[in-house]
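**Q** Below is one structure. I have some questions about it.
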Amino acid sequence: MTFRRRPARAARLLPALLGTLLVSCASLDDAPINTVTDGVGTPAIESALFPDDGDGETLIGLTFSGGGTRAAAFAHGVLTAFAETEMPVAGGHSARMIDRVDFVSGVSGGSVTAAYFGLKGREALTDFREKFLLRNAEEDLHADPLRPSTLMRVYAGGANDRSNLPRWLDRNLFGGATFARLLEKKRPTVWINASDIANHSAFVFEPSTFRAFCSDLAALPISEAVAASAAVPVIFAPISLETYAERCAWETPRWARYAGEHASAPALLKAYARALAAYRDPQRMKYIRLLDGGLTDNFGLAGLTVARAAAETPHAPLTPRQAARLKRAMFLVVNAGRASETEWARTREGPTVAPLLMAVIDTGIDSSVRQGFDAFQLTIARWQQDLIEWRCRLTPAEVTRYVGTTKGWNCRDVKMLSGEVAFDQLPDRREKLQKIATRFVLPQEEVDLLIAAGHDATLANPVFNGFRRTTAPTSVVARRVLGPDRGGTVTLTPSH
């Protein structure tokens with residue numbers, strides 16, 4: 001009886017033994033990429049997000065979607081259009097629009113362009129094409145699914161780890177630069193986006209998030225964050241961050257307590273608040289595991305949407321001074337997404353493993369993209385309304401304190417524009433653009449097609465051109481309305 005059972009027992013143990021063997025043979029570099037910091041943590045959403053350099057009449061924000069080199073090249077093309085375009089600034093002068101970008105957020109392939117632009121500014125346009133877009137960023141990757149070593153690494157967590165794409169990016173593009181280089185620059189503010197797969201939420205590489213778990217973002221290599229943002233499941237193993245909650249004090253912000261206690265709080269805010277709470281509890285989470293940002297937010301909008309939803313004032317994350325001086329804001333979403341490849345939808349045979357996996361990932365990404373973009377546009381529209389109401393309650397003394405003078409100031413003269421730059425806006429090239437693969441290596445002709453497309457789509461974009469028109473100098477002369485308005489303050493309106 002015992003002898004007969006042994007083969008069955010061995011058969012049950014065989015997969016476990018093989019799994020152990022595979023894992024032991026495939027050693028992945030999953031060491032945490034971050035370090036601890038000393039000091040007191042700060043709330044997860046700061047009061048001022050955008051630079052305040054004294055010329056606060058305009059605000060420009062860009063977000064670059066995921067999509068490998070396709071997304072990076074399309075975003076690069078958008079920046080070339082910004083570099084060609086002049087806009088007025090304080091003192092009657094003008095500047096290139098690329099030099100006035102205040103905020104840029106990137107996901108996956110778009111994060112490469114966002115980070116490099118944040119690091120070098122306009123100078124990024126001089127060598128990004130040669131240093132990245134025309135290079136093979138996959139040359140160090142384990143990409144052959146038929147090799148036993150690749151299968152062993154996949155079983156262990158992912159075919160590639162920190163020794164692959166992060167090191168390639170650091171060696172060929174970022175040259176050892178850390179976030180300290182980005183944080184010390186006046187503009188733009190740069191956010192790199194990944195996905196926290198344990199908390200099912202977006203994760204933003206920005207200072208206040210890291211302070212929540214007592215870590216030092218400034219010391220983190222930019223290449224590591226960009227690689228985490230682009231870590232497609234299975235192809236890449238999750239990137240790890242270690243939490244050090246016991247090493248610093250940190251007070252849960254009021255918005256996070258509200259999100260945790262009220263059922264009516266926005267779902268995005270609840271998810272972010274739950275993640276922060278987990279980061280503070282070593283019993284629940286000692287290590288944060290990150291994968292491709294597109295899994296939760298392929299446009300890189302969630303962080304800004306959360307920042308506004310968490311705001312405790314009508315103007316945040318603008319300071320009162322910025323909110324009073326602002327006249328025109330533009331947020332452009334640069335979308336390099338493409339239609340799914342569904343050859344298997346026309347045959348009786350279903351997809352094999354690889355296309356099935358990509359179809360599942362694309363389904364989740366496309367769903368979150370639609371919801372995220374709609375939520376973002378509603379957020380911007382409501383933010384504009386809140387700003388106007390707040391500005392129109394200011395007293396003349398407050399206006400003078402924030403703006404410097406009441407002359408020419410109009411509480412309703414603020415407009416926030418949001419829109420999308422995408423392949424769909426180029427019908428003559430759309431089909432060809434849609435067929436470009438999501439890879440980190442593309443032929444030169446496709447790279448140049450994408451750069452030209454980003455450039456042309458931007459210059460033809462109605463939101464971009466609307467912003468240009470409305471920031472042109474005007475001859476509006478303001479007059480003061482005598483007597484208080486309904487709020488008991490004095491309103492400044494334009495004369496006609």
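The values are calculated or read from the model by the stated rules, or taken from the named source; none is laboratory data. Please read these numbers as outputs of a predicted model, since none were measured by experiment. Glycine also receives a Cβ, built like all others from the backbone with ideal geometry; neighbour counts cover every protein chain displayed. To get the accessible areas, we keep the full protein, side chains included, count just its heavy atoms, and leave off ligands, DNA and RNA. Shrake-Rupley method; radii C 1.70, N 1.55, O 1.52, S 1.80 Å.
**Q** Of the residues T474, T470, only one is open to solvent by less than 70 Å² (accessible area, probe 1.4 Å), farther than 27 Å from D292 by Cα, modelled with pLDDT under 95 and out of contact with any helix residue (DSSP H, G or I) (no Cβ under 8 Å at 6 or more places or on another chain); which?
**A** On the way: T474 fails: open to solvent by less than 70 Å² (accessible area, probe 1.4 Å).
Result of the check over T474, T470: T470.
**Q** Working carefully through the options A323, A316, A311, find the one that is in contact with a His (Cβ under 6 Å, 6 or more places away or on another chain), under 23 Å from C411 (Cα atoms) and open to solvent by less than 50 Å² (accessible area, probe 1.4 Å). Reasoning before the result, please.
**A** On the way: A316 fails: in contact with a His (Cβ under 6 Å, 6 or more places away or on another chain); A311 fails: in contact with a His (Cβ under 6 Å, 6 or more places away or on another chain).
Exactly one of A323, A316, A311 is in contact with a His (Cβ under 6 Å, 6 or more places away or on another chain), under 23 Å from C411 (Cα atoms) and open to solvent by less than 50 Å² (accessible area, probe 1.4 Å), namely A323.
**Q** From the set of residues in the stretch 280-297 that are in contact (Cβ under 8 Å) with a residue 60 or more places away in the chain, open to solvent by 20 Å² or more (accessible area, probe 1.4 Å) and outside any helix (DSSP H, G or I), which is farthest from N410 (Cα to Cα)?
**A** Going through the stretch 280-297, the residues in contact (Cβ under 8 Å) with a residue 60 or more places away in the chain turn out to be 280, 285, 287-297.
With open to solvent by 20 Å² or more (accessible area, probe 1.4 Å) added as a condition, the list becomes 280, 287, 289, 295-296.
Add one more test, that the residue is outside any helix (DSSP H, G or I), and what stays is 280, 287, 289.
On the way: R280: 45, Y287: 50, R289: 48 Å.
In this case the residue turns out to be Y287.
**Q** Continuing with this model, one more query. Restricting to the stretch 165-185, and then to whatever is touching a residue at least 40 places away in the same chain (Cβ under 8 Å) and assigned to a loop (DSSP other than H, G, I, E, B), can you tell me which residue is nearest to L268 (Cα to Cα)?
**A** For the stretch 165-185, the residue satisfying everything is K185.
**Q** Something else about it: Taking the criterion of being under 36 Å from the mean Cα position of the chain (by Cα) and modelled with pLDDT of 55 or more, would at least one residue in the stretch 11-23 satisfy it?
**A** Step one: of the stretch 11-23, the residues under 36 Å from the mean Cα position of the chain (by Cα) are 22-23.
Going one step further and asking which of them are modelled with pLDDT of 55 or more, we end up with none.
No, the stretch 11-23 has no match at all.
**Q** With respect to A277, determine if the residue is within 22 Å of the chain's Cα centre (by Cα) and surrounded by fewer than 17 Cβ atoms within 10 Å (Cβ to Cβ). Break it down into steps so the answer makes sense when it comes.
**A** Working: within 22 Å of the chain's Cα centre (by Cα): yes; surrounded by fewer than 17 Cβ atoms within 10 Å (Cβ to Cβ): no.
No.
**Q** So is S264 out of contact with any Ser or Thr (no Cβ under 9 Å at 6 or more places or on another chain) and under 18 Å from S108 (Cα atoms) or not? Break it down into steps so the answer makes sense when it comes.
**A** Numbers: out of contact with any Ser or Thr (no Cβ under 9 Å at 6 or more places or on another chain): yes; under 18 Å from S108 (Cα atoms): no.
So S264 fails the test.
**Q** Of all the strands (runs of 3 or more DSSP E) wholly in the stretch 48-112, which have at least 3 residues that are surrounded by fewer than 24 Cβ atoms within 10 Å (Cβ to Cβ) and without any contact (Cβ under 8 Å) to a residue 24 or more places away in the chain?
**A** On the way: elements: 58-64, 86-89, 93-96, 103-107.
The strands (runs of 3 or more DSSP E) meeting that bar are 93-96.
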